[in-house]
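Chemist: Have a look at this one.
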């Protein structure tokens, strides 16, 4: 399997979002959900619409899921951008027919990993992003920007289920020689 890169440049992220939004609300949601939660593509594709809502019909603050390898329960925070993208997308589709969040337009199954790769890879190429961009770039982008904003490598290691901090740094594409300035502002 080929290694892909994180999207480090916010302008590239925004141009990808703009491109995807113009072409498909579902594909835009896939990108936004991925870069804001750090979930693996296999975990993203299994999300069912009903799992995102509470009994009052509001989007939950946390999406709870079972980790595929260990069946351990985990949860990820659904920020404002994810919630807005979910609402926007679900307003465009027949909610009663929508079982999976990233459902195929032809079948009542999620899109395939290969289709998700094509969506992300082709969108990156269309907006002129060089480098190796694929579905794993979504989680790597989340991790890179979380680390840059001051989230500890230990928390990211746990989030990604890595065995060592070195494995997480390698996953994020951060080398020992590379200095990343973090901005930690407790704003007391």
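Chemist: Being over 26 Å from residue 18 (Cβ atoms) and in contact with a helix residue (DSSP H, G or I) (Cβ under 7 Å, 6 or more places away or on another chain): is that true of residue 65 here?
Modeler: Yes: the conditions hold for residue 65.
Chemist: Additional query: Residue under question is residue 115, and the condition is that it be under 27 Å from residue 29 (Cα atoms) and without any contact (Cβ under 8 Å) to a residue 12 or more places away in the chain; does it hold?
Modeler: For residue 115, the condition - under 27 Å from residue 29 (Cα atoms) and without any contact (Cβ under 8 Å) to a residue 12 or more places away in the chain - is met.
Chemist: Give just the number: which of (1) in a strand (DSSP E or B); (2) in contact with a helix residue (DSSP H, G or I) (Cβ under 9 Å, 6 or more places away or on another chain) does residue 75 not satisfy?
Modeler: (2)
One line per residue, one yes/no per condition, for (1) touching a strand residue (DSSP E or B) at 6+ places or on another chain (Cβ under 7 Å); (2) crowded, with 20+ Cβ neighbours inside 10 Å; (3) at pLDDT below 95; (4) under 17 Å from residue 133 (Cβ atoms):
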| residue | (1), (2), (3), (4) |
| --- | --- |
| 1 | no, no, yes, yes |
| 10 | no, no, no, yes |
| 20 | no, yes, no, yes |
| 65 | yes, no, yes, no |
| 78 | yes, no, no, no |
| 89 | no, yes, no, no |
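Chemist: What's the number of the condition residue 174 fails, among (1) more than 25 Å from residue 65 (Cα to Cα); (2) crowded, with 16+ Cβ neighbours inside 10 Å; (3) under 18 Å from the mean Cα position of the chain (by Cα)?
Modeler: Single failed check for residue 174: (3).
Chemist: Now a separate question. Are any residues in region 110-158 over 13 Å from the mean Cα position of the chain (by Cα), part of a helix (DSSP H, G or I) and closer than 25 Å to residue 180 by Cβ, and if so, which ones?
Modeler: Answer for region 110-158, where residues must be over 13 Å from the mean Cα position of the chain (by Cα), part of a helix (DSSP H, G or I) and closer than 25 Å to residue 180 by Cβ: 124, 147, 148, 153, 154, 155, 156, 157, 158.
Chemist: May I ask you to list pairs of residues, at least six apart or on different chains, whose Cβ atoms are under 7 Å apart, with the first in region 139-161 being on the phi < 0 side of the Ramachandran plot and free of Cβ contacts under 8 Å to residues at least 12 places away in the same chain and the second being part of a helix (DSSP H, G or I) and buried (at least 18 other Cβ atoms within 10 Å of the Cβ)?
Modeler: Qualifying pairs under 7 Å: 157/168.
The values are calculated or read from the model by the stated rules, or taken from the named source; none is laboratory data. Keep in mind it's a predicted model, so treat the numbers as computed, not measured. Neighbour counts are summed over all protein chains in view; Cβ atoms, including those assigned to glycine, are modelled from backbone coordinates with ideal geometry.
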